[in-house]
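Chemist: Take this structure, written in structure tokens, and hold onto it; I'll ask about it next.
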Amino acid sequence: MAASSVYATVLWAFPCLYLLLKSYRSCAGWRFLLRGRALMLAQSQKYPRQAFTVAVPGNTLHVVTTPEHYHDMNAAPLSSMSPWLAAREMFQPKYTVGIDWGAPREQVSLVTVRSTRHMISELPKLEDEFVRIMQNELDKAVDTKDKRQGWSQVLLWETIQRTFIRVTTHMLLGREAANDDMFLSHALAFIAETGLIMETVRLVPSFLAPIIKGRNTHQKYFFNALARSIEQRRAYTTSTSDPNQETPQSSLEAFVDFAPNDWSLQKCVDAINIMFLIIVLATPIIASHLVQDMYSHPEHLEDLRTEENHVYLSSSSSLSAQLDDLPFLEAFVMESMRTKCFQANTAHRVAVRSFTFSDGHRVPAGEAVEFNQHAHFNDPALYLDSTKFDPCRFLNKGKSIVDIGYDWSFWGVPRHICPGRLHVANTLKLLAVVILQRYDCRIENTKDMNFEWRDALVPSPHTVLSMRFASKVKHSVSSGQ
Ligand code: HEM
């Protein structure tokens with residue numbers, strides 16, 4: 001072959017090979033969207049205790065599973081593994097909220113954590129209000145939805161999502177916002193809009209991303225409402241000289257009180273907004289999974305009822321203590337979280353610079369790292385017959401929903417552990433008690449109650465919960481909002 005034709009072949013071969021590899025990687029990335037959970041589980045079961053990589057749209061993800069990996073992630077300094085960069089990759093703030101977080105968020109996170117801790121200490125004062133919101137939303141659904149042979153046909157996801165958005169709004173933004181229908185409908189639309197932009201921007205080539213912003217009407221309403229509340233609290237704290245000024249009644253007020261005075265209004269709006277989004281996206285999912293499990297495993301209903309019978313929802317002063325004393329429900333919620341495992345991966349990070357795990361696995365700068373809790377929860381050595389739903393695995397074993405550590409990595413690694421987990425645990429238990437005491441329910445079609453997307457198990461919007469008032473309940477829809 002003449003030298004020139006060898007040269008021409010090489011000249012063509014390299015770009016073709018490059019394009020082939022690139023399109024293979026981008027197909028693999030797209031495959032992750034629909035098959036991510038299953039792929040990662042299969043890989044970790046085939047090669048236990050080994051870190052591996054998967055192509056995800058736009059990046060490479062390093063999936064780790066062992067106790068040593070977990071401890072390495074906990075010990076990694078923020079300057080080498082950043083939760084902030086991971087949150088930025090997930091939330092695409094430049095397109096979803098119009099601001100590209102310039103400065104590292106770690107300092108914002110400290111104020112967020114402090115304000116969350118403050119609200120957790122206030123939980124006993126809020127729980128009767130959470131019960132009222134839950135009863136109000138569920139009563140409304142039972143009263144207004146179409147009935148079939150006396151059973152209201154309630155869309156489970158829609159109802160739980162709205163209920164939990166109100167509960168979260170009450171905690172984060174205060175009672176007034178949680179009872180303001182106009183605010184809630186904008187917030188719901190804003191959440192839907194943000195979810196869509198966030199996903200689309202991560203999927204299309206980067207030059208198309210700037211055109212995918214929504215019209216932002218809901219976002220503007222939502223941001224203006226946050227800005228007004230922040231300014232009100234600032235005006236109050238600067239005008240009062242009383243050292244015992246009113247303690248913050250919401251995470252927003254606590255955030256304003258704890259944030260340095262020179263933080264701009266925009267920075268506060270931005271931080272509170274992100275906290276709101278993260279919580280309202282996650283909490284309704286595990287709450288829906290819990291209700292799915294209650295009514296697709298009816299063999300446990302009797303045990304759940306025997307226990308909930310002793311809870312007095314109206315005695316608000318002792319509600320938190322009563323919720324701590326429901327061992328079967330605690331075990332049931334844990335088994336629901338283990339088996340559904342709404343996010344296969346926890347502790348999301350992006351490597352700021354190259355990072356090497358203690359077993360030698362290396363993560364180049366810019367690539368993502370996550371801990372695959374799904375593999376751990378499905379390890380037959382730890383959970384015998386691991387696909388079976390069996391709450392007794394956790395019963396009377398000294399375990400709790402809010403545990404921390406490798407064995408229960410749901411809330412991340414200890415150094416960044418979720419400070420809101422007690423709120424999540426309490427509201428899940430409250431929801432179960434409210435439903436068991438107030439309604440008869442059943443799920444007639446348990447097929448396709450969820451679908452997989454990336455590493456998440458997402459409730460289908462079509463699942464119907466058949467509901468009616470339990471015979472002992474006297475209700476009035478006019479109560480509350
Ligand atoms: C189902 C609901 C929730 C899940 C699954 C969840 C899970 C997590 C996880 C995995 C982390 C990161 C830990 C790490 O990076 O190692 C985290 C952090 C955090 N969570 Fe949650 N969370 C939930 C709800 C909440 C709620 C209701 C609040 C507030 C009321 C909250 C406040 C926070 C905060 C402020 C952080 C940042 C902690 C830090 O940077 O040190 N979360 N959460």
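Only the coordinates and a few stated rules stand behind these numbers; no lab work does. Nothing here was measured: the structure is a model prediction, and the numbers come from that model. As a convention, Cβ positions derive from the backbone with ideal geometry for all residues, glycine included, and neighbour counts pool all protein chains shown.
Chemist: For the pairs Lys125/Lys267; Lys94/Lys220; Lys399/Lys429, note any where the Cα-Cα span goes beyond 24 Å.
Modeler: Checking Cα-Cα distances, Lys125/Lys267 exceed 24 Å.
Chemist: Alpha carbon centre of region 312-381 versus region 169-193: separation in Å?
Modeler: 27 Å
Chemist: To the nearest 20 debye, what charge dipole does region 3-469 have about its Cα centre, counting +1 at the Cβ of each Lys and Arg and -1 at the Cβ of each Asp and Glu? Numbers along the way, then the final one.
Modeler: Details: 47 positive and 49 negative charges, 304 e Å.
So the dipole magnitude of region 3-469 works out to roughly 1460 debye.
Chemist: Please state the relative contact order of the chain as a whole percent: Cα pairs under 8 Å, 6+ residues apart?
Modeler: 25 percent
Chemist: Over all alpha-carbon pairs in the chain, figure out the percentage whose distance exceeds 41 Å.
Modeler: 22 percent
Chemist: Moving on to the next point. Given H placed 1.01 Å from N in the peptide plane, which residues other than close sequence neighbours of Trp453 have an amide H under 5 Å from its amide H?
Modeler: Excluding prolines and chain starts, which carry no amide H, the hits are Val458.
Chemist: Could you work out the local net charge near Ser239, counting Lys and Arg as +1, Asp and Glu as -1, over the other residues with Cβ closer than 15 Å to its Cβ?
Modeler: Cβ neighbours under 15 Å give a net charge of -3.
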